[in-house]
Amino acid sequence: MSLEPQQTMEQSMPLPQIYVERTLALIKPDLVHKAEDIEDIIVRSGFSIIQKRKIHLSPEQCSDFYSDQYGKMFFPSLTAYMSSGPIIAMALGRYKAISYWNELIGPSNSLKAKESHPDSLRAIYGTDDLRNAVHGSYCYTSAEREIRFMFPEVIIEPVPIGQAAKDYLGLFVNPTLLGGLTELCKQKPADPYTWLADWLLKHNPNKPDLLHQIIVEVPKE
């Protein structure tokens, strides 16, 4: 008779690979003074604020950012409004961030939002279809472009969670960490935290080997 515990159906079924998606959020010029309140709602709604900056765009920069709206009648008013003062730009992260953020902010016309989505950010803070409090990316492509526009140094990659995160840890993190902890137990250093940190730096599998000779230039007298 086997004494090994049997796996339940839930344990044996593979977990779906779920990724943290990113989207861009803007708090528009006339609502910057309400940024703290809006950010509190964002966090309580399950989003993480990955990056944030306060920036004052020029009309030319606004034209580039809203290039997909070029040629529409409201385009000059939009760029003039968005360049009228500082804005708050945020890269938000969560599962299905783009759709959840658009649901939270509501329809682009604040007057319509007050009727159809009274609890949305645009219904609460917006005043019309132009001064509608916040901006949100409408699809993955626009989110990627807009995040790169506001945060040029950012690297946009899906962040693995769930089974995908477990697979990543099993392949790339756990083997190195296990080796370090095993050696730590053998050495028993007086300062285990510093010793382990130094060991991990020395045995980092992603650190390239420098095969070329390092030449130090001596300044001429």
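The values are calculated or read from the model by the stated rules, or taken from the named source; none is laboratory data. If you're wondering where the values come from, they're calculated on a predicted model, not measured in any experiment. FYI the Cβ positions are ideal-geometry reconstructions off the backbone, even for glycines, and counts take in every protein chain you see.
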Condition met for L78 (modelled with pLDDT under 95 and over 16 Å from the mean Cα position of the chain (by Cα)):
yes
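Looking at the stretch 35-56, which of the residues that are among the small types (G, A, S) and not in a strand (DSSP E or B) is surrounded by the fewest Cβ atoms within 10 Å (Cβ to Cβ)? Spell out the reasoning first.
Pass one, the stretch 35-56, residues among the small types (G, A, S): 35, 45-46, 48.
Those still in the list that are not in a strand (DSSP E or B) too: 35, 45-46.
Values: A35: 16, S45: 14, G46: 12.
That would be G46.
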For the stretch 58-103, name all the residues that are loosely packed, with under 13 Cβ neighbours inside 10 Å and within 20 Å of A123 (Cα to Cα).
none
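Yes/no per residue for (1) part of a helix (DSSP H, G or I); (2) in contact (Cβ under 8 Å) with a residue 12 or more places away in the chain; (3) in contact with a Pro (Cβ under 9 Å, 6 or more places away or on another chain):
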{"position": "C62", "(1), (2), (3)": "yes, yes, no"}
{"position": "G71", "(1), (2), (3)": "no, no, no"}
{"position": "A80", "(1), (2), (3)": "yes, yes, yes"}
{"position": "G93", "(1), (2), (3)": "no, yes, no"}
{"position": "I98", "(1), (2), (3)": "yes, yes, no"}
Is it the case, given these coordinates, that L3 is out of contact with any His (no Cβ under 8 Å at 6 or more places or on another chain), at pLDDT below 95, farther than 21 Å from S142 by Cα and assigned by TED's automatic domain parsing to the domain that holds H135?
no
Taking the condition among the β-branched types (V, I, T) and at pLDDT 90 or above, does I18 pass?
no
Looking for something at pLDDT below 90, of a type in the set (S, T, N, Q) and closer than 28 Å to G93 by Cβ - is there at least one such residue anywhere in the stretch 166-175?
yes
Residue identified as closer than 20 Å to G126 by Cβ, among the charged types (D, E, K, R) and in the same structural domain as Y125 (by TED's automatic domain parsing) among R53, R44
R44
